[in-house]
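FYI, it's all coordinate maths here, none of it is from the lab. Because the structure is a prediction, the values reported are computed rather than measured. Cβ sites come from the backbone with ideal geometry, for glycine too, and all protein chains shown count toward neighbours.
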Amino acid sequence: MRLVSMLSKVCKNSPTAACALTVPPACWYRQPAAAGLRDPQVHGPARYWLNVQGSFTRALQQRCQQSFQVEVASEGFALPRVEEARKLNIPWRQQAWIREVRLCGDGQPWVLARTVIPLACLQGPGRQLRNLGNRPLGAYLFSHRQWHRGPLETGLCKGTHSGQPRLARRSLFHTRRQGRQHSLMVCEYLLPQLYCGAERT
Ligand SMILES: C=C(O[C@@H]1C=C(C(=O)O)C=C[C@H]1O)C(=O)O
C-alpha cells in the first residue's frame, strides 16, 4: 500500500520519467463538441490534432524539425477490450493482432497509438500488417487504396496523471475482400508535449 502511494507521488512529480506511458481507458464521443463540453482543451491547441483527416503520421512528420520515429511498445495476439470488440463487431473472446506504439518527434513521445486488427484483416495482403515493426501503419493504410477511414471520434481519457494522455482520437479503417467488409481500429492518444507549448520542455 505504501509502495503504491510512493509510486503515485513519483508519477505526479515526474510523469514521463518515472512512469511507463500507457494507453488509458477513455470515454468516446462522436462529436468533438460533445467532448468539449466535458474538457475545453478539445477546443484549444489540441483541436488541430484531433481533427487531422489525412495520415496522422504524415502530419506528425511535418511537425518534426529533426526526426520522426515509431517505437513499438508491444505487438502480438491478445484479447481486445470488450468495448473495442463491440465497436469492431467481433466476438470479445476472439484474439486480435494488437499493436501499441509511441510516435516520437524530435526524440520525444508525442502520441501513443493502439491498433486492434481482427483476424479477418490479416488474411491475404493483410498478412503484411503483422510485420510492420517500426514502419508506420499509416504509411501502409494510406498507400493501399482499398482502405478507407470512417468518422473520427474524440476520446477523453480517464484518470490520468499529468504528462499522460488526456485526449484521444480513434477511427475504423475499412476494406473489402471477397465481397465482405473488414475493419480495424486505430486509436491515437495525444501526449501534452504535442500540443502544450508550456509542457514541451
Ligand atoms: C493510422 C495512421 O497510422 C499511425 C501509425 C501507427 C502505427 O504505426 O502503429 C498508429 C497510429 C497512427 O497514428 C496514420 O498515420 O494516420
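Based on the alpha-carbon gyration tensor of region 80-133 and its eigenvalue square roots a ≥ b ≥ c, which shape applies: rounded if a/c is under 1.5, prolate if not and a/b is larger than b/c, or oblate? Don't skip to the end; give the middle numbers.
Numbers: a/c = 3.60, a/b = 1.53, b/c = 2.36.
Taking the square roots of the gyration eigenvalues as a ≥ b ≥ c, region 80-133 is oblate.
Express the relative contact order of region 21-199 as a whole percentage, based on alpha carbon pairs under 8 Å and six or more residues apart in sequence. Display every interim value, and only then the final one.
Values: 337 pairs, mean separation 45.7, N = 179.
Computed value for region 21-199: 26 percent relative contact order.
Taking the Cα centre as origin and putting +1 on Lys and Arg beta-carbons and -1 on Asp and Glu beta-carbons, what dipole magnitude results for region 21-199, to the nearest 20 debye? Provide the component values of the computation, followed by the final result.
Numbers: 24 positive and 10 negative charges, 144 e Å.
Roughly 700 debye for region 21-199.
Considering only the other residues whose Cβ falls under 10 Å of the Cβ of GLU84, what net charge follows from Lys and Arg at +1 and Asp and Glu at -1?
Working: positive: ARG81, ARG86, LYS87, ARG114, ARG170; negative: GLU83.
Result for the neighbourhood of GLU84: +4.
Which order, highest average first, do 111-119, 32-40, 94-102 follow once you tally other Cβ atoms within 10 Å for each residue and take the mean per peptide? Before the final figure, lay out each step's value.
On the way: 111-119: 22.1, 32-40: 15.0, 94-102: 19.8.
Result, highest mean first: 111-119, 94-102, 32-40.
Could you please report the charge total around SER143, scoring K, R as +1 and D, E as -1 over all other residues with beta-carbon less than 15 angstrom from its beta-carbon?
Charge balance in the 15 Å sphere: +4.
For the Cα atoms of the chain, what angle does the longest principal axis make with the long axis of helix 2-13, in degrees from 0 to 90, nearest 10?
90
Listing ARG145, ARG81, ARG170 from the residue with the fewest other Cβ atoms within 10 Å to the one with the most, what is the order?
Taking fewest neighbouring Cβ atoms as first place, the list is ARG145, ARG81, ARG170.
Within 10 Å of each residue's Cβ, count the other Cβ atoms and sort TYR140, TYR48, TYR189 from fewest upward. List each step's numbers first, then the result.
Values: TYR140 16, TYR48 12, TYR189 26.
So the residues, fewest neighbours to most, are TYR48, TYR140, TYR189.
Arrange LYS87, LYS158 by Cβ neighbour counts within 10 Å, fewest through most, would you?
Working: LYS87 17, LYS158 10.
Fewest-to-most ranking of LYS87, LYS158: LYS158, LYS87.
Which residue, PRO109, GLN123, ALA73, has the largest displacement toward the positive end of the dipole of region 32-146 when charges sit on each Cβ (Lys, Arg +1; Asp, Glu -1)?
Value computed over the given set: GLN123.
Calculate for the chain the 222 nm mean residue ellipticity that helices alone would give, adding -39,500 (n - 2.57) per DSSP H run of length 4 or more and normalising by residue count, nearest 500 deg cm²/dmol.
Working: 8 runs with 54 residues, N = 201.
Value at 222 nm, helices only, nearest 500: -6500 deg cm²/dmol.
Once the convex hull of the alpha carbons of the chain is built, what does its volume come to per residue, in cubic angstrom?
131
Considering only the other residues whose Cβ falls under 15 Å of the Cβ of ALA59, what net charge follows from Lys and Arg at +1 and Asp and Glu at -1? Don't jump to the answer; show the numbers that get you there.
Working: positive: ARG47, ARG58, ARG63, ARG149, ARG169; negative: ASP106, GLU188.
Around ALA59, the charge tally is +3.
Give the shape of region 83-192 as rounded, prolate or oblate, defined through the alpha-carbon gyration tensor: a ≥ b ≥ c are the square roots of its eigenvalues, a/c under 1.5 means rounded, and otherwise the shape is prolate if a/b is larger than b/c and oblate if not. Present the calculation step by step, with values, prior to reporting the outcome.
Numbers: a/c = 2.02, a/b = 1.49, b/c = 1.36.
Since a/c reaches 1.5 and a/b is larger than b/c, the shape of region 83-192 is classed as prolate.
DSSP loop GluC sites (Glu not before Pro) in region 101-200 with at most 16 other Cβ atoms within 10 Å of their Cβ, which ones?
Details: sites: GLU153, GLU188, GLU199; in loops: none.
Hits after loop and neighbour filter: nothing returned.
Classify region 26-110: rounded, prolate or oblate, from the alpha-carbon gyration tensor (a ≥ b ≥ c, eigenvalue square roots; a/c under 1.5 rounded; otherwise prolate if a/b is larger than b/c)?
Details: a/c = 2.61, a/b = 1.18, b/c = 2.21.
The shape class here is oblate.
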